[in-house]
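Structure, as structure tokens:
The values are calculated or read from the model by the stated rules, or taken from the named source; none is laboratory data. Owing to the predicted nature of the structure, the values given are computational and were not obtained by experimental measurement. Backbone-built Cβ (ideal geometry, glycine too); neighbour counts: all protein chains shown. SASA here: full protein model, heavy atoms, side chains in, ligands and nucleic acids out. Shrake-Rupley method; radii C 1.70, N 1.55, O 1.52, S 1.80 Å.
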Amino acid sequence: MGLRLEIWMRSKRPPSRSDNGGLRASTLDLRETMKILKELKNLADPAVAEHSQRFFKTGPGEYGEGDVFLGIRVPVLRQVAKQYGDLKLSDIQKLLRSPYHEVRSTVVIILVNQYAKAADDVQREKVYQFYIKNFKCINNWDLVDVSSHKIVGRHLYNRDRRILYKWAQSEHLWTRRIAIISTMWFISKNDYSDSLKLSKILLNDEHDLIHKAVGWVLREVGKKDRGLLEKFLKKYHTKMPRTMLRYAIEKLPETRRQQYIRGTI
């Protein structure tokens, strides 16, 4: 694991100097990314990495195939992210391409923090545009769930949301998950319409991770407005994948849950 990280780090452009002897800007950027990488390497735990490789389904044919873990818990990653809160988007771009899950997770958290602390709409727009251009790097459910509603959902709350419906029909698994999880921000503001419309679109999705995401979103709607959730369930519960249904009804009274599970509503 250590050797693989060193090879990836060395593959970046080596330090160089300008004609006047001063360090080039690209070298300064490289030093910053190297600093984060080395810090994360020092925090690596092989036992945690082994567990994470299994938990995040990184085997052949699984949704996280090929992902590699250093073995660092999320609370530790959050602390590292705080130390690099002003990291440039150009540096974040380099780190998002890392083969290491925790490296990508750290910079995704940095993006969330940068959006929350942005001084104006111009900066928020930059972070949002950067995020959506890098969907393919937001490539596991935890990366989506920690960030999409806090960047995409928050950004689109008072804007045109039609792009979510395009993403919901994407062939890319994580783009579809981003579409539905982004609506968590709307739910927090008592705005449920897009959550329900996107849930309907995704009813027939074939992937278990979308079933779970839709069920989770519906459950959150129900925690705010049980009547609205039940109206949706009465219409669609027989068409919903079982995992989606079980997630959606998790907070309902047991008697009611059993009625939906048995189809006796």
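Hey, does segment 170-190 have a residue that's within 15 Å of residue 153 (Cα to Cα), among the charged types (D, E, K, R) and surrounded by fewer than 15 Cβ atoms within 10 Å (Cβ to Cβ)? Yes, there is a match, as at least one residue in segment 170-190 is within 15 Å of residue 153 (Cα to Cα), among the charged types (D, E, K, R) and surrounded by fewer than 15 Cβ atoms within 10 Å (Cβ to Cβ). Of all positions in segment 103-110, none carries a residue that is in contact (Cβ under 8 Å) with a residue 12 or more places away in the chain and surrounded by fewer than 21 Cβ atoms within 10 Å (Cβ to Cβ). Considered as a group, the residues in segment 202-239 that are touching a helix residue (DSSP H, G or I) at 6+ places or on another chain (Cβ under 8 Å) and more than 17 Å from residue 183 (Cβ to Cβ) include one that is least open to solvent (accessible area, probe 1.4 Å), and that residue is 233.
Selection of segment 119-137 for residues being part of a loop (DSSP other than H, G, I, E, B) and under 13 Å from residue 89 (Cα atoms) yields 133, 134.
Scanning segment 128-150 for residues that are under 8 Å from the mean Cα position of the chain (by Cα) and not polar (S, T, N, Q) yields 138, 141, 142, 143, 144, 145, 146.
Please work out which residue is surrounded by the fewest Cβ atoms within 10 Å (Cβ to Cβ), limiting yourself to segment 57-91 and to residues that are of a type in the set (Val, Ile, Thr) and in a helix (DSSP H, G or I). The residue in question is 74. Only one of the numbered conditions (1) in a helix (DSSP H, G or I); (2) open to solvent by less than 10 Å² (accessible area, probe 1.4 Å); (3) in contact with a Ser or Thr (Cβ under 8 Å, 6 or more places away or on another chain) is not met by residue 94, and that is (2). Look through segment 191-231, keep the residues that are touching a Ser or Thr at 6+ places or on another chain (Cβ under 7 Å) and of a type in the set (Gly, Ala, Ser), and return whichever of them is farthest from residue 157 (Cα to Cα). In this case the residue turns out to be 215.
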